[in-house]
Amino acid sequence: MDKQDISLILQHLGEDREQYHGAIAPPIFQNSNFSFPTVARMREALQREMDTPFYSRGYNPTVAILREKLAALEKTEDALVLSSGSGAIATAVISQLSAGDHVVCVQKPYSWSHALITKLLARFGVTHSLVDARDYREVEEALKPETRLIFLESPNSLTFEMQDLGAIAVLARSRGIVTVCDNSYNAALHSQPAELGIDLVCHSASKYLGGHGDIVAGVICGSRERIRNIMANEFMTLGAVISPHDAWLMIRGLRTLELRLERSADTADKLMDFLHAHPKAGRIYHPFHSENPQLRLAERQMKRASGLFSFELKTDEVKAAERFADALQHFVLACSWGGFESIAFPMAVFADSASLSTELPFRLVRLYAGLETPELLIEDLDRAFQQL
Ligand SMILES: *Cc1c(COP(=O)(O)O)cnc(C)c1O
């Protein structure tokens with residue numbers, strides 16, 4: 001099978017239908033445990049616990065289908081599927097570190113990745129530097145003799161800053177440093193960081209990969225050797241595995257990944273055209289926006305953008321930003337993205353809380369374009385602007 005053909009990966013790779021009565025949709029092996037007729041067979045399976053059904057924290061046949069598809073999408077040799085994106089990122093990062101090591105991390109990673117590196121790892125004697133990694137020389141300057149890992153997220157999911165992954169990978173490899181990249185935004189289709197030399201690629205599969213707002217899941221992709229090491233150690237110990245049922249939902253979600261991502265990105269382009277021309281809309285944050293100073297890098301590193309972007313409302317009042325969001329009828333107010341439903345995530349939500357950060361102005365609104373028609377969504381934004 002040609003592993004490069006996306007449609008073959010999504011519809012057929014990893015599926016051996018003769019094994020299960022020709023069933024088109026694979027069975028959900030909803031088993032914690034697998035049994036053996038003899039001690040000899042059990043011993044044999046135990047010795048291959050990572051590659052054969054024995055106990056589902058390790059190998060599960062439904063999850064195995066998914067692993068093959070995800071590894072092929074990210075152009076890596078193997079993949080692990082976990083019970084959340086945060087679980088995947090924490091497992092990948094912890095697997096590479098020991099007390100006394102130092103991590104270089106992008107300045108604005110996903111909030112719980114930030115908590116992992118700045119709080120949890122700090123308790124175990126791992127130090128870190130947060131750097132503005134848009135310029136890879138900032139990364140180089142932050143490296144210390146004890147730096148073991150560089151954590152990247154390109155682009156991030158709020159203001160969409162990117163890193164030159166190829167340049168950072170070359171730098172890291174020359175110093176024996178491992179690179180980990182959160183690639184959730186690209187949904188494994190628009191950019192393959194492993195091709196640029198990144199060692200471990202992580203995803204929140206709760207977003208586009210699941211795609212229906214009904215699962216929380218995560219992915220780690222990498223070389224056979226790295227993935228095997230993680231599996232036999234941190235993965236089995238931390239045990240943040242996906243349930244077979246959720247794995248099945250993700251397999252089903254993947255069937256339409258290309259179609260959904262394309263539709264979502266097309267709609268986002270139309271929403272941005274509308275916002276660009278609107279007098280009450282300010283700056284737009286989006287990798288391929290004509291005013292993005294990193295546009296060249298986006299064009300070099302990504303096939304296209306996804307359907308997630310942010311923009312600023314032209315207002316000085318928190319209350320006005322709140323009225324705008326409250327007036328939306330088709331965009332739901334929520335925090336996630338990547339599903340069928342369009343979402344508005346207004347930063348005004350932080351205006352009364354301790355987590356209010358000067359980095360997140362209340363006038364910033366993140367929009368996710370779901371599968372509704374663009375006309376419906378534009379009408380919705382138009383109505384909301386009238387309340388501003
Ligand atoms: C949602 C998200 C995560 C966390 O994933 P969960 O599946 O919610 O644990 C990590 N990184 C990015 C960029 C995300 O959007």
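The values are calculated or read from the model by the stated rules, or taken from the named source; none is laboratory data. Keep in mind that this is a model prediction, so the values were computed, not measured. Using ideal geometry, Cβ is built from the backbone for each residue, glycine included, and neighbour counts are taken over all protein chains shown. When the accessible area is computed, the model is the full protein with side chains, heavy atoms only, and any ligands, DNA or RNA have been set aside. Shrake-Rupley method; radii C 1.70, N 1.55, O 1.52, S 1.80 Å.
Taking segment 294-315, which residues are touching a residue at least 12 places away in the same chain (Cβ under 8 Å) and not in a strand (DSSP E or B)?
Q294, L297, A298, Q301, M302, K303, R304, A305, S306, G307, K314, T315
Identify the single condition in (1) open to solvent by less than 60 Å² (accessible area, probe 1.4 Å); (2) farther than 24 Å from A187 by Cα that L297 does not satisfy, given that it satisfies every other one.
(2)
Acidic (D, E) and touching a helix residue (DSSP H, G or I) at 6+ places or on another chain (Cβ under 8 Å), is that true of D132?
Numbers: acidic (D, E): yes; touching a helix residue (DSSP H, G or I) at 6+ places or on another chain (Cβ under 8 Å): yes.
Taking the combined requirement at face value, the residue satisfies it.
I need the full set of residues from segment 327-342 which are surrounded by 15 or more Cβ atoms within 10 Å (Cβ to Cβ), away from the ligand (no atom under 16 Å from the Cβ) and over 14 Å from E372 (Cβ atoms), in order please.
Scanning segment 327-342 gives a single hit, A327.
Identify all residues within segment 285-314 that are of a type in the set (D, E, K, R) and either within 20 Å of G370 (Cα to Cα) or in contact with a Phe, Trp or Tyr (Cβ under 9 Å, 6 or more places away or on another chain) (or both); write none if there are none. Outline the logic, then answer.
Going through segment 285-314, the residues of a type in the set (D, E, K, R) turn out to be 291, 296, 299-300, 303-304, 312, 314.
Residues satisfying the conditions are E299, K303, R304, E312.
Out of G58, G87, I need the residue that is in a helix (DSSP H, G or I), open to solvent by less than 70 Å² (accessible area, probe 1.4 Å) and in contact (Cβ under 8 Å) with a residue 24 or more places away in the chain. Which one? Give the derivation first.
Working: G58 fails: in a helix (DSSP H, G or I).
On inspection, the qualifying residue turns out to be G87.
Answer with yes or no whether G282 is open to solvent by 20 Å² or more (accessible area, probe 1.4 Å) and closer than 14 Å to Y368 by Cα.
On the way: open to solvent by 20 Å² or more (accessible area, probe 1.4 Å): yes; closer than 14 Å to Y368 by Cα: no.
So G282 fails the test.
Identify the residue in segment 172-227 that is away from the ligand (no atom under 16 Å from the Cβ) and among the small types (G, A, S) and, among all such residues, is surrounded by the most Cβ atoms within 10 Å (Cβ to Cβ).
G222
Kindly indicate which of E18, E44, E68 is in contact with a Gly (Cβ under 9 Å, 6 or more places away or on another chain), part of a helix (DSSP H, G or I) and open to solvent by 60 Å² or more (accessible area, probe 1.4 Å). It would help to see each step written out before you state the result.
Values: E18 fails: in contact with a Gly (Cβ under 9 Å, 6 or more places away or on another chain); E44 fails: in contact with a Gly (Cβ under 9 Å, 6 or more places away or on another chain).
On inspection, the qualifying residue turns out to be E68.
Quick check on this structure: which one of E262, E258 is open to solvent by 40 Å² or more (accessible area, probe 1.4 Å), closer than 21 Å to T373 by Cα and without any contact (Cβ under 8 Å) to a residue 60 or more places away in the chain? If you could, list the steps in order and put the result at the bottom.
Working: E258 fails: without any contact (Cβ under 8 Å) to a residue 60 or more places away in the chain.
Going through E262, E258 in turn, just one is open to solvent by 40 Å² or more (accessible area, probe 1.4 Å), closer than 21 Å to T373 by Cα and without any contact (Cβ under 8 Å) to a residue 60 or more places away in the chain: E262.
State all residues of segment 290-329 that are of a type in the set (A, V, I, L, M, F, W, C) and more than 23 Å from G166 (Cβ to Cβ); if no residue qualifies, say none.
Step one: list which residues in segment 290-329 are of a type in the set (A, V, I, L, M, F, W, C), which gives 295, 297-298, 302, 305, 308-309, 311, 313, 318, 320-321, 324-325, 327-328.
Selection gives L308, F309, F311, L313, V318, A320, A321, F324, A325, A327, L328.
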